[in-house]
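One structure below.
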Amino acid sequence: MIIKSQLQTNDNENGLFLVSTPIGNLKDITLRALEVLKKSTYILCEDTRVSRILLDRYEIKSNLISNHKFNESKNLNKIIELLKSGEIISLISDAGTPSISDPGAILVNECVKNNIKIIPIPGPSAVATAVSISGFSEKFIFYGFLPEKKQAITNVFDQISKFNDTCVFFVSSKKVNKIIPELKKFFSGRKIVFCREISKLYEEFIRKNVDDLEIFSKELKGELTIVISERKNEKNPSQELNESDMNIIQKMINKLTIKEITEIISHNKDISKKEIYNYCLKIKNEI
């Protein structure tokens, strides 16, 4: 696979540009994003009224096409024909990176089928931003927006809570109080950060222990990005050396050091190293 360097990337090529836009502060737009948007013949917008605020700010006069989840399939053939005719078209969402929890995936897949060039223009991401300030493990899974029905949410939490890594998802502020009991049920012992209004005037990061969560007395406006810390894997304190373990240690005691035996046994068993070490020491003293 050949990876182009930045100097070899040609933003004048025709194709579909996936342009990331600010998730709040309009100053977060990149210089490259502005250049691409200005030279685009058409810009596909999730909501033209929302996008117009950004585009007017930077005097971008490209033609806008409404492209949201209710009409993206209907628009597909028209957009593909425009791309095949050589037009430069950009796809943006209301905020962040297109096709991630926003419209775009259907068009991207159709471009792949038609061998139409797809050029990503990186930029702001609520997911990466939220994880970066959480203080949790950088290894994370991202679900997207939670489903609407309670049972579906329960199923999602049951699934993602089994991962050891940090968990990230989006939820409407109107729904957050409804999911708190489920959060406490599935993520007990972990920490949580509620991120709201990221990069905006009223930006707020609410940090809690999941077990200490209570219903919010005031509605948290807007969409929330929620980050839950990684699961701590604790050894089972009730697991002890059994007869088989002891026999193995007795066979190794004259061949390996106590440290080496301790590492081997603890690697395969959820038994404290101290217990293994003490048993080895006891055998050594009896020899």
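The values are calculated or read from the model by the stated rules, or taken from the named source; none is laboratory data. Everything numeric here is computed off the predicted structure, so don't read it as measured data. Quick reminder, even Gly has a Cβ in these numbers, built from the backbone with ideal geometry, and neighbours come from all protein chains shown.
Phe17 meets each of the listed conditions (1) of a type outside the set (Ser, Thr, Tyr); (2) modelled with pLDDT of 95 or more; (3) under 30 Å from Glu204 (Cα atoms) apart from (3). Of the numbered criteria (1) free of Cβ contacts under 8 Å to residues at least 60 places away in the same chain; (2) part of a helix (DSSP H, G or I); (3) of a type in the set (A, V, I, L, M, F, W, C); (4) touching a Gly at 6+ places or on another chain (Cβ under 9 Å), the one Val156 fails is (4).
Please find, among Ile253, Ile215, the residue that is at negative phi and crowded, with 17+ Cβ neighbours inside 10 Å. Answer to the check: Ile253.
From (1) among the hydrophobic types (A, V, I, L, M, F, W, C); (2) in contact with a Gly (Cβ under 9 Å, 6 or more places away or on another chain); (3) exposed (fewer than 14 other Cβ atoms within 10 Å of the Cβ), pick out the condition that doesn't hold for Val127. It is condition (3) that Val127 fails. Here Lys200 meets each of (1) under 16 Å from Leu146 (Cβ atoms); (2) modelled with pLDDT under 95 with one exception, condition (1). If you go through segment 44-57 one residue at a time, do you hit one that is acidic (Asp, Glu), crowded, with 18+ Cβ neighbours inside 10 Å and closer than 12 Å to Thr21 by Cβ? Yes, some residue in segment 44-57 is acidic (Asp, Glu), crowded, with 18+ Cβ neighbours inside 10 Å and closer than 12 Å to Thr21 by Cβ. Summed over segment 170-221, residues that are free of Cβ contacts under 8 Å to residues at least 40 places away in the same chain, more than 21 Å from the chain's Cα centre (by Cα) and within 26 Å of Leu26 (Cα to Cα) total 2.
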